[in-house]
Amino acid sequence: MTSSGHSRVNREQAIGNRNHMSKLRLILGDQLSMSIATLSDIDKQADRVLMVEVNEEATYVRHHQQKLVLVLSAMRHFADELKKDGVQVDYVRMDSDTNTGSFSGEIKRALQRHPCDQLVVTEPGEWRVREMMQSWQKDLDIPVEIRDDNRFLCSLADFAQWAEGRKSLRMEYFYRTMRRKTGWLMDGDKPVGGQWNYDSQNRKSLPRGMTYPGRLRFETDGITRDVIQLVKTHFDDHFGDIGPFAWATTREDAQRALDHFISECLPDFGDYQDAMKSGENFLFHALLSPYMNIGLLDPREVCEAALQAFEDERAPLAAVEGFVRQVIGWREYIRGFYWLQMPGYERSNFLAAKRPLPDFFWTAETDMNCLRQTIKTTRRHAYAHHIQRLMITGNFALLTSLAPTEVEEWYLQVYVDAFEWVELPNTHGMALFADGGLLASKPYAASGAYINRMSDYCSDCRFSPGKKLGEGACPFNYLYWNFLISKEKQLRSNPRMGLAYRNLFNKSKAEIDAIVQQSEQFLETLSGGDVKP
Ligand code: FAD
Ligand code: DLZ
Ligand code: SF4
């Protein structure tokens, strides 16, 4: 008899001695919500919740140290909450001697401790883990129920139905469907205020003398201190500063972060959404993505808090619409898109980009101040806001043809909110245009002029954004044109690139030659592969 045959007989004998059906309910580190589908019908007497800290999840990419602290500390706090609620929790710590280091190994061991009739899980956030889940029924010889993730407003089935038969999957149309579905900011069938989207009002630069609310910082308690020690002991070679650790690790504190955002940041969120400033890395951004992504906050309550601020006239329509669009538009769209395109989405490489990731993505040692600032805040806080991710590091990766797989691994590694369902489409599709336009209608390519307009980085940079070529010219300037030249075959027929190509073709041959030459010289200076934390 096989070992799985033995375990089935043991389990059947053990089950035979009990009257009730019992279920093992697995909660993953990004499913820390009391209302998660896995728990909806829990029988607190008969069932057990399993939570496992496993090395495989900490190292499948070498996450930023603060992300490890956030997830593991939030898991421990959540397990305590469940126990207080009378739930029987089996919690396996990372440093337990018998820990096998993987989900599959730990479920197998748990089934030996608690023979059960069924394993219940909620669908995960990554294809990799979904495949694991699908193997458990056979490998562990137990019926497995995989439930829809009820934290999202749009189920995967509904997204697939929305996408069915459409020539292009643009976020804006999906967003309108979501507005109609939720009824949020709707006046019957019309958008409140007459417009669906107030983005055109949301591109202001920061006025002089403006003050910023700053982020809300949370004290580290004993649980978080223990986890910080654990991460220092086992993962101190991972990228990023472990402190100052200021993220919330409980639902209560995450709700405080939400309140802070609504009262202090939301009114200005829209206006300055695209702005960047040296030394001010949070501006009016929400800093709520990690909490929504790991389950401490529900996207519905986040949007409802913003809508309430609009009702109470504490925040203007353009800001509230802009914020709600990010959450029920972009966030839900990105997730539906990921599952629609997987597996294999990450394998496309439309622009044939293959340059290795430069070492300064890890060290921040570059003379380009915008990149230096963005990478430094990434290292220090495991956070950079959307425009830094898209228009600084993302834009640079696009213009210099960095290999998508390397760039994607970097983004998955360095941000506290990074899970593949949200990181991959944003990086592969939005930032790198590696999917050839499935997600974005054109590449987000920009020269130094854009960065200069939206930030104060250039005033403290060795390069000049006004200079197009020659000594001291901003590299984004010539790299932008070089990108258009080198990717002409792939991009010229894109209707949204028409103006850019017309401008390029107005340039003289001598100028084009000089652009190509200076770009090649610059690209030769990019060394990669020596540093890999
Ligand atoms: P805010 O700017 O205050 O926005 C409010 C909320 O809107 C966010 O909390 C987030 O939940 C949602 N949101 C806004 N834009 C997006 C978007 N494009 N996709 C999904 N949700 C969005 N977001 C992640 O959560 N995880 C990632 O791994 C991630 N990787 C990214 C990689 C690249 C290259 C780019 C360009 C964007 C990435 N984003 C990712 C999207 C976005 O940058 C972050 O959601 C945002 O910066 C989080 O900070 P915040 O909470 O202060 O957001
Ligand atoms: C990110 C992460 C880390 C670092 N560690 C764990 C862990 O030890 N146990 C766990 O259940 N989940 C962890 N996670 C979150 C998982 O990686 C996440 O659930 C999957 O990537 C699916 O989204
Ligand atoms: Fe960045 Fe160019 Fe401005 Fe320097 S001059 S900060 S490299 S955009």
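The values are calculated or read from the model by the stated rules, or taken from the named source; none is laboratory data. For clarity, every value in this text was computed on a predicted model and none was experimentally measured. All Cβ positions, glycine included, derive from the backbone under ideal geometry; neighbour counts span all protein chains shown.
Points worth noting:
- Total residues in region 109-145, condition out of contact with any helix residue (DSSP H, G or I) (no Cβ under 8 Å at 6 or more places or on another chain) and assigned to a helix (DSSP H, G or I): 9
- Taking the criterion of being of a type in the set (Lys, Arg) and within 15 Å of residue 387 (Cβ to Cβ), the only residue of region 429-472 that qualifies is 453.
- Of the numbered criteria (1) in a helix (DSSP H, G or I); (2) buried (at least 16 other Cβ atoms within 10 Å of the Cβ); (3) of a type in the set (S, T, N, Q); (4) touching a Lys or Arg at 6+ places or on another chain (Cβ under 9 Å), the one residue 263 fails is (2).
- Scope region 160-190; condition in contact with an Asp or Glu (Cβ under 8 Å, 6 or more places away or on another chain) and surrounded by 14 or more Cβ atoms within 10 Å (Cβ to Cβ); matching residues: 174, 178, 185
- Region 48-75 - residue that is surrounded by fewer than 22 Cβ atoms within 10 Å (Cβ to Cβ) and more than 6 Å from ligand 2 (Cβ to nearest atom) and, of those, farthest from residue 237 (Cα to Cα): 48
- Of residues in region 42-66 being within 16 Å of ligand 1 (Cβ to nearest atom) and outside any loop (DSSP other than H, G, I, E, B), the one farthest from residue 409 (Cα to Cα): 66
- Residue match in region 403-410 (condition: in contact with an Asp or Glu (Cβ under 9 Å, 6 or more places away or on another chain) and at positive phi): no
- Of the residues 418, 431, 403, the single one that is over 16 Å from the mean Cα position of the chain (by Cα) and at pLDDT 95 or above is 403.
- In summary, helices (runs of 4 or more DSSP H) completely within region 416-533 and bearing 2 or more residues that are more than 30 Å from residue 343 (Cβ to Cβ) occur at 448-454, 475-486, 498-505, 509-524.
- Extreme residue, farthest from residue 214 (Cα to Cα), among residues of region 236-250 that are surrounded by 20 or more Cβ atoms within 10 Å (Cβ to Cβ) and of a type outside the set (S, T, N, Q): 238
- Against the criterion of being in a loop (DSSP other than H, G, I, E, B), closer than 18 Å to residue 68 by Cα, within 12 Å of ligand 1 (Cβ to nearest atom) and at pLDDT 95 or above, residue 283 does not qualify.
- Residue check, residue 518 touching a residue at least 24 places away in the same chain (Cβ under 8 Å) and surrounded by 18 or more Cβ atoms within 10 Å (Cβ to Cβ): yes
- Taking region 146-179 as the range and being among the aliphatic types (A, V, I, L, M) and part of a strand (DSSP E or B) as the test, only 146 passes.
- Members of region 358-387 that are of a type in the set (A, V, I, L, M, F, W, C) and either within 20 Å of residue 289 (Cβ to Cβ) or within 13 Å of ligand 1 (Cβ to nearest atom) (or both): 361, 375, 382, 384, 387
- Cβ-Cβ contacts under 8 Å between residues 6 or more apart (or on different chains), taken from a first residue in region 44-65 that is farther than 15 Å from residue 82 by Cβ and of a type in the set (Phe, Trp, Tyr) to a second residue that is away from ligand 3 (no atom under 16 Å from the Cβ) and part of a helix (DSSP H, G or I), are listed as 60/128.
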